[in-house]
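Read the structure below first, then the notes.
No value in this document is a laboratory result; all are computed from the given coordinates. The model shown is predicted, which means the values in this text are computed figures rather than measured ones. Cβ placement follows ideal geometry from the backbone for every residue including glycine, while neighbour counts extend to all protein chains displayed.
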Amino acid sequence: MNLPAFSRRLLAILGLSLTVTAFAQSPADAPLPGVQHGRIERWANLPSKFVDARHVDIWLPDGYTPTQRYAVLYMHDGQMLFDARTTWNKQAWHVQDALTRLRAAGRIRDVIVVGVWNNGKWRHSEYMPQAFLPGLPPDFREALVRDGLQGKPQSDAYLRFLVEELKPAIDARYATRPDRDNTFIMGSSMGGLISVYAMNRYPEVFGGAAGLSTHWVGIFKPNAALPLAAFNFLREHLADPATHRLYQDHGTIELDALYAPYQSIVNSLARERGYTDGRNFLALTFEGTGHNETAWAQRLEVPLAFLLQP
């Protein structure tokens with residue numbers, strides 16, 4: 001892929017290699033995902049004063065009615081969530097199927113999903129937590145911001161879009177339970193990173209976060225600088241375990257093969273903060289699985305059941 005915005009020098013220094021997922025676009029004529037369970041409503045090219053417009057796909061379960069109230073799960077990379085026929089790699093999370101099975105078994109509360117599309121070339125810029133940047137060595141930070149984030153860190157603006165614009169609009173349009181205890185956020189890879197950041201940046205808004213294959217390295221090779229900055233942020237800002245839930249996982253092959261040593265430190269930080277395994281914290285390793293939507297779909301019921309307990 002031709003990535004003219006990224007210098008060869010930075011690629012060599014940081015090992016930065018964005019996937020095609022990061023450059024998926026949000027065309028006005030993108031087909032609506034097809035689902036066998038529930039239905040999807042699209043807010044096309046939703047404008048924002050904080051970030052660029054993008055599609056938002058809202059999944060409503062079978063039997064949705066405004067006479068009852070629903071929890072809300074916000075998910076990143078919204079174009080990858082529902083229908084493999086519409087995704088660039090023909091893989092998807094199939095989140096609607098997992099939720100329907102769990103609800104039929106009585107394992108989760110009623111919930112709707114808000115799938116926020118990533119913003120193409122700005123995905124890394126919007127998903128890289130800004131509060132990590134001051135903790136980086138100056139040369140590393142300068143190169144990352146200039147070339148990796150294209151000179152424009154946007155994660156705090158992206159979260160303001162979610163919290164100040166999108167959430168109030170969702171709560172006004174749909175029969176939601178708008179309180180923190182019924183508002184959750186989830187993603188994978190960089191989407192997992194921004195999900196953890198969101199819960200701890202806005203602990204009064206999000207009562208739980210799930211990161212599948214959370215990309216603690218921040219770039220695409222082992223390094224100490226970005227994980228250390230993340231750990232220092234979490235040590236100071238990890239949300240109260242009395243009121244929050246945190247889910248983490250990773251596989252053992254492909255990009256996920258990098259994650260184990262970094263995730264173990266995050267696990268220690270959570271436990272030191274007072275999170276308890278199996279109660280409000282869950283960190284799992286899935287042997288032999290990699291870094292793709294098929295892998296995440298296969299284990300999706302685990303974090304969903306953990307966050308959305310009745």
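If R0 equals 22 Å, the separation of the Cβ atoms of THR65 and ARG107 corresponds to a calculated FRET efficiency of about 0.60.
Over the chain, Cα pairs under 8 Å with separation of 6+ residues give a relative contact order of 19 percent. Distant-in-sequence amide contacts of HIS55, defined by a placed amide H-H separation under 5 Å and a gap of 5 or more residues or a different chain, comprise ASN45, LEU46, TRP117.
Counting only residues at least eight positions apart within a chain, or on another chain, the lysines with an alpha carbon under 20 Å from that of LYS152 are LYS49, LYS121. For the chain, list the DSSP H helices whose alpha carbon atoms reach 27 Å or more along the long axis and whose average Kyte-Doolittle value is 1.6 or above? Length and hydropathy pass: none found. Full extension of the chain between ASP139 and ALA224 yields a length gain of 29.2 nm, computed as 0.36 nm times the residue separation minus the alpha carbon distance.
Using only side-chain charges placed at the Cβ, +1 for Lys and Arg and -1 for Asp and Glu, the dipole size of the range 8-307 relative to its Cα centre rounds to 140 debye. Between HIS37 and THR285, the modelled label-to-label distance comes to 3.1 nm, taking each label 7 Å out from Cα in the direction of the beta carbon. On the beta carbon distance between GLU254 and ASP181, with R0 = 35 Å, the FRET formula returns roughly 0.50. What's the whole-number percent of alpha carbon pairs in the range 8-307 lying beyond 34 angstrom? Tail of P(r) above 34 Å: 14 percent of Cα pairs.
The overall shape of the range 192-282 is prolate: from the C-alpha gyration tensor, with semi-axes ordered a ≥ b ≥ c, the ratio a/c is 1.5 or greater and a/b exceeds b/c. Selection among TYR259, LEU60, GLY290 by position relative to the dipole of the chain gives LEU60 as farthest towards the positive end (Cβ unit charges, Cα centre). Taking a straight Cα-Cα cut-off under 12 Å and skipping sequence neighbours fewer than 8 places away in the same chain, the aspartates and glutamates within cross-link reach of LYS90 are GLU293.
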